[in-house]
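Peer 1: Pasting a structure below so you can have a look.
All of the numbers you see were taken from the coordinates with simple rules; none came from a lab. Model, not experiment: these values are computed from the prediction. Please note: Cβ atoms are built from the backbone with ideal geometry, for glycine as well, and neighbour counts cover all protein chains shown.
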Amino acid sequence: MLFRNISYIDENCQVKTGFVETSEAKITYIGSEAPEGNTGRVIDGKGKLLIPAFYNAHGHSPMSLMRGYGENMTLSDWLNKKIFPFEDKLTKNAVYWATLLSMGESAKFGIVSTSDMYYFTEDMVRAVTESGLKANISRSIVNFTGDSFNKMESVTEMKSAVERFRKTAKGRVLMDASIHGEYTSDEATVRELSQYAKEHNLIMHIHLSETKDEHEGCKERHNGLTPAAYFNKCGAFDIPALAAHCVWVTEEDIDILAEKNVTVCTNPVSNMKLASGICPTHDILKRGINLAIGTDSVASNNNLNFFEEMKMLGLSAKIKYMDPTVLTPEEIFRAATLGGAKAQGRDDCGAVKVGNKADLVLINLEAPNMAPVHNAVNNLVYAATSNEIVMTISDGKIIYEKGEYKTIDMEKTIFEVKKAKDKILKSI
Ligand SMILES: [Zn+2]
């Protein structure tokens, strides 16, 4: 595939114009002259901008079944009265279709890869593989009852998934480890899972200091240790780690995250919707920590619109610090692209660069809300709505183009998700 006379955002966040060629899964040429020997489709760049695709660093894809199911509730009511009873009735079939729906929604919003924490791993892998998109899937581990690690069903499911699915779909599907959170497991489980992840070279994906209750409760449960200090003590940060939320982290916590090279994934929309608070992203960036962006589940968002996520990240940071100069559009755009790719251990993703995977999004600059262009990144972060997405490409394959899905039967998917949702509701 060849993009001719196309404006693109390069790895330094600068807009350049030229020819960008992809071959199979990779970007094979970038230059001011047309490459020789291209036989694939040629796309004219007039009025368009080619950008790296987005990497959603924290999601729970199957929860699309619960979009809009509980609103205006406290977190504990929402979880205990709505989410947990619904999840109790989930089936493999429901998870498969709901994940496929989330993949379609992701492509529509320019996301090609998701760090996806849930269960029914096998069905999630099947949906992601079929969609042509990518995911770092983790079987989330919780242990409320002090069960021994190796006897837990969830651990058996995780181990089997790691053996069967790591690096499937030509590396599009990767497996991560996941301890759900400090408050949902005991210390032995955290230590054993960290050890397992270390032995298998897995990334550790966790929820960290999402709410004030969780943060303060942890200190009471663990002799004054914050969740970051506790996880560090248990060895969870001795491997590449991805910490979602980090709303209540302290300066000392940020020291730990910086020292241990932990990626922080901020979830601005979900954190505002559940009134959890605002992540101190400016302090996190100042310390050189890798920042990524996540949607969290659509049950608390309620969509996967990454343009909304970028804008809310900027706006919420400015209000938190009461300073309009914190978080530049470039820092936000990097978090949505390179930061997310790095969080997923995808070193050859996240930038329009020769040799990288061809994970690309084609943007229409001729929409009224995108004109004029003083600075393309400023428009992407604050003016774009997602309607400007013309095409989403994952590993060189077009997944979504002008409202059409190339790999997903969206009509059937929506029908099956509705059917699964109705069936679950009847059984509650
Ligand atoms: Zn989450």
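Peer 1: What percent of all Cα-Cα pairs in region 88-179 falls into each 5 Å bin, going from 0 up to the bin containing the maximum distance?
Peer 2: 3, 15, 25, 24, 18, 9, 5, 2, 0
Peer 1: While we're looking at this one, here's another question. Taking the simple approach of a point 7 Å from Cα along Cα-to-Cβ for both Arg191 and Leu315, what is their distance in nm?
Peer 2: 4.6
Peer 1: Please work out whether region 268-386 counts as rounded, prolate or oblate from its C-alpha gyration tensor, where a ≥ b ≥ c are the square roots of the eigenvalues and a/c under 1.5 means rounded, while otherwise a/b larger than b/c means prolate and anything else oblate?
Peer 2: Since a/c stays below 1.5, the shape of region 268-386 is classed as rounded.
Peer 1: Next question. Tell me, Asp395, Asp283 in order of fewest to most beta-carbon neighbours within 10 Å?
Peer 2: Starting with the residue having the fewest Cβ neighbours, the order is Asp283, Asp395.
Peer 1: Under the rule of at least 5 residues apart or a separate chain, name every residue whose amide H is placed under 5 Å from the amide H of Gly181.
Peer 2: Amide H neighbours of Gly181, under 5 Å, 5+ apart: His207.
Peer 1: Could I ask something else about it? Place a point 7 Å from the Cα of Asn369 along the Cα-to-Cβ direction; which residues of region 298-337 have their backbone N under 11 Å from it?
Peer 2: 307-308
Peer 1: Still on this model: For region 1-147, compute the orientation-averaged projected area of the C-alpha convex hull (one quarter of its surface), in nm².
Peer 2: Average of the hull's projected areas for region 1-147 equals 12.6 nm².
Peer 1: Using the count of nearby Cβ atoms within 10 Å as a rough guide to exposure, how do Leu133, Leu79, Leu362 rank from fewest to most?
Peer 2: The fewest-first ordering by Cβ neighbours comes to Leu79, Leu362, Leu133.
Peer 1: Output the Cα-based Rg and Dmax of the chain in Å, rounding Rg to one decimal and Dmax to a whole number.
Peer 2: Rg then Dmax for the chain, in Å: 20.9, 66.
Peer 1: Going toward the positive end of the dipole of region 54-344, with +1 on Lys and Arg Cβ and -1 on Asp and Glu Cβ, which of Ala229, Val112, Gln195 do you reach last?
Peer 2: The Cα lying farthest towards the positive end belongs to Val112.
Peer 1: Rg/Rh for region 109-153: what does it come to with C-alpha atoms and Rh from Kirkwood?
Peer 2: 1.12
Peer 1: Taking 0.36 nm per residue of separation and subtracting the Cα-Cα distance, what length does fully extending Asn150 through Glu11 add?
Peer 2: 45.7 nm
Peer 1: Count the lysine pairs in region 107-217 whose Cα atoms lie under 27 Å apart, taking only pairs 8 or more positions apart in sequence or on different chains.
Peer 2: 15
Peer 1: Still on this structure, I have one more. Please arrange Cys234, Cys279 by how many other C-beta atoms lie within 10 Å of their C-beta, fewest to most.
Peer 2: By the 10 Å Cβ count, ascending: Cys234, Cys279.
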